[in-house]
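A short write-up of the structure that comes next.
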2 protein chains.
Amino acid sequence: MNKGFDVRPIGVVRSTIKRRGDAPKQGHEGAPDAWLEIEADVAEGIDGIAAGDEVIILTWLHLARRDELKVHPRGDRSNPLTGVFDTRSPDRPNPIGLHRVVVREVKGRRLLVGPLEAIDGTPIVDLKPALDRSDDS
Amino acid sequence: MNKGFDVRPIGVVRSTIKRRGDAPKQGHEGAPDAWLEIEADVAEGIDGIAAGDEVIILTWLHLARRDELKVHPRGDRSNPLTGVFDTRSPDRPNPIGLHRVVVREVKGRRLLVGPLEAIDGTPIVDLKPALDRSDDS
């Protein structure tokens, strides 16, 4: 494989979900709100984000396996083996999680957002505003 | 900043857009179709992707500046300086591009998709199926 790139955490998820087995597959499947703690050295980058905004969070799913190329979707062995790029499995060569959430509250460099299925301690690698078009993201 | 993670390209964009200045800001702003060439060692991961599918592409915007924390949105200096995490600027600490496209054709480990605003040579770091819900991504 080609030479890679260095992705640096810009913050961390603080959630009541502590274990991968306790995380819903998607945010809308009963996930709680969670705090995003943004690193001090990039905190200026959240200026403009306000309660009510829809935001896309990119995370690094640090517990994922990176050597999986086929999985049973949703971990259900009755689903046929499928290429990981045709699934939302966290197990994939670059385990980047994609989460669309609503900002509930902004406190300095902490953002309360939800619903979010990522577990406590998950590194955050980017935040972007969701665009109005449903096909933006 | 904390220790980073190694993101490895899983493929590359082949586009008629050759320079950053020629790229539309978003795919729906007149971007062309483009080919995604998936690396042989992870090509098994696209099994299941078919023409007509809506797919989210994550790219590494290799020409971006990583030291920007505030920008004028859309490069327009009449827009007030805004934190990069509240914009879709390619210039940001982790320059990961997010693109929702339709698959037009699959040829072995090459996918024709569009519309896509990424320039020729942009590394691809992940592919995911778009979910039905508009808030999936």
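Assess whether A:Arg100 counts as being in contact (Cβ under 8 Å) with a residue 24 or more places away in the chain and either not in a strand (DSSP E or B) or not charged (D, E, K, R) (or both).
On the way: in contact (Cβ under 8 Å) with a residue 24 or more places away in the chain: yes; either not in a strand (DSSP E or B) or not charged (D, E, K, R) (or both): no.
It is false that A:Arg100 is in contact (Cβ under 8 Å) with a residue 24 or more places away in the chain and either not in a strand (DSSP E or B) or not charged (D, E, K, R) (or both).
Taking the criterion of being buried (at least 17 other Cβ atoms within 10 Å of the Cβ), free of Cβ contacts under 8 Å to residues at least 12 places away in the same chain and assigned to a loop (DSSP other than H, G, I, E, B), would at least one residue in the stretch B:126-136 satisfy it? Even if it seems obvious, please write down each step before you answer.
Residues of the stretch B:126-136 that are buried (at least 17 other Cβ atoms within 10 Å of the Cβ), as a first pass: B:126-130, B:135-136.
Still in the running and free of Cβ contacts under 8 Å to residues at least 12 places away in the same chain: B:135-136.
Next, only the ones that are assigned to a loop (DSSP other than H, G, I, E, B) stay: B:135-136.
Checked against the condition, which is being buried (at least 17 other Cβ atoms within 10 Å of the Cβ), free of Cβ contacts under 8 Å to residues at least 12 places away in the same chain and assigned to a loop (DSSP other than H, G, I, E, B), the stretch B:126-136 yields at least one hit.
Looking only at the stretch A:11-27, filter to residues that are in contact with a strand residue (DSSP E or B) (Cβ under 9 Å, 6 or more places away or on another chain) and open to solvent by 70 Å² or more (accessible area, probe 1.4 Å); which one of those is nearest to the other protein chains (Cβ to nearest Cβ)?
Within the stretch A:11-27, the subset in contact with a strand residue (DSSP E or B) (Cβ under 9 Å, 6 or more places away or on another chain) is A:11-17, A:26-27.
Next, from what is left, pick out any that are open to solvent by 70 Å² or more (accessible area, probe 1.4 Å): A:14, A:16.
Details: A:Arg14: 15, A:Thr16: 21 Å.
Applying the filter and picking the extreme gives A:Arg14.
Output yes when any residue across the stretch B:33-49 is of a type in the set (D, E, K, R), assigned to a helix (DSSP H, G or I) and open to solvent by 30 Å² or more (accessible area, probe 1.4 Å), and no when none is.
Pass one, the stretch B:33-49, residues of a type in the set (D, E, K, R): B:33, B:37, B:39, B:41, B:44, B:47.
Subset that is assigned to a helix (DSSP H, G or I): B:41, B:44.
When the remaining residues are screened for being open to solvent by 30 Å² or more (accessible area, probe 1.4 Å), the result is B:41, B:44.
Yes, the stretch B:33-49 contains a residue that is of a type in the set (D, E, K, R), assigned to a helix (DSSP H, G or I) and open to solvent by 30 Å² or more (accessible area, probe 1.4 Å).
Test each condition in (1) touching a residue at least 24 places away in the same chain (Cβ under 8 Å); (2) touching a helix residue (DSSP H, G or I) at 6+ places or on another chain (Cβ under 7 Å) for A:Lys70 and report the one that comes out false.
(1)
One residue is enough: does the stretch B:64-75 have a residue meeting the conditions among the aliphatic types (A, V, I, L, M) and open to solvent by 40 Å² or more (accessible area, probe 1.4 Å)? Working first, answer last.
Pass one, the stretch B:64-75, residues among the aliphatic types (A, V, I, L, M): B:64, B:69, B:71.
From what is left, the residues that are open to solvent by 40 Å² or more (accessible area, probe 1.4 Å) are none.
For the stretch B:64-75, residues among the aliphatic types (A, V, I, L, M) and open to solvent by 40 Å² or more (accessible area, probe 1.4 Å): absent.
The rows are residues; the columns are (1) open to solvent by 60 Å² or more (accessible area, probe 1.4 Å); (2) part of a strand (DSSP E or B); (3) under 18 Å from B:Ser89 (Cα atoms).
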{"position": "A:Val55", "(1), (2), (3)": "no, yes, yes"}
{"position": "A:Ser89", "(1), (2), (3)": "no, no, no"}
{"position": "A:Glu105", "(1), (2), (3)": "yes, yes, no"}
{"position": "A:Gly121", "(1), (2), (3)": "no, no, no"}
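When the stretch B:93-108 is examined, which residues are found to be at the interface with chain A (Cβ under 7 Å from one of its Cβ atoms) and more than 14 Å from the chain's Cα centre (by Cα)? Steps first, please.
So in the stretch B:93-108, the residues at the interface with chain A (Cβ under 7 Å from one of its Cβ atoms) come out as B:93-94, B:96, B:98, B:100.
Result: B:Pro93, single match.
Condition first: out of contact with any Phe, Trp or Tyr (no Cβ under 9 Å at 6 or more places or on another chain), under 12 Å from B:Leu127 (Cα atoms) and at pLDDT 95 or above. Can you find one or more residues in the stretch B:18-35 that meet it?
The first filter runs over the stretch B:18-35 and keeps only residues out of contact with any Phe, Trp or Tyr (no Cβ under 9 Å at 6 or more places or on another chain), leaving B:18-35.
Remaining after also requiring under 12 Å from B:Leu127 (Cα atoms): none.
No, there is no match, as no residue in the stretch B:18-35 is out of contact with any Phe, Trp or Tyr (no Cβ under 9 Å at 6 or more places or on another chain), under 12 Å from B:Leu127 (Cα atoms) and at pLDDT 95 or above.
Here are some residues: B:Asp47, B:Asp41. Which one is without any contact (Cβ under 8 Å) to a residue 12 or more places away in the chain and touching a strand residue (DSSP E or B) at 6+ places or on another chain (Cβ under 6 Å)?
Details: B:Asp41 fails: touching a strand residue (DSSP E or B) at 6+ places or on another chain (Cβ under 6 Å).
Only one candidate qualifies: B:Asp47.
Would you say A:Glu54 is within 13 Å of chain B (Cβ to nearest Cβ) and under 15 Å from A:Thr122 (Cα atoms)? Step through it out loud before you land on a result.
Details: within 13 Å of chain B (Cβ to nearest Cβ): yes; under 15 Å from A:Thr122 (Cα atoms): no.
The answer is no for A:Glu54.
Taking the condition at pLDDT 95 or above and among the charged types (D, E, K, R), does A:Arg66 pass? Talk me through it step by step, then tell me what you get.
Working: at pLDDT 95 or above: yes; among the charged types (D, E, K, R): yes.
Yes; evaluated as a whole, the condition is true for this residue.
The values are calculated or read from the model by the stated rules, or taken from the named source; none is laboratory data. Not measured: the values here are computed from a predicted model. Cβ atoms come from the backbone with ideal geometry, glycine included; neighbour counts cover every protein chain shown. Side chains included, ligands, DNA and RNA excluded: accessible areas come from the protein's heavy atoms. Shrake-Rupley method; radii C 1.70, N 1.55, O 1.52, S 1.80 Å.
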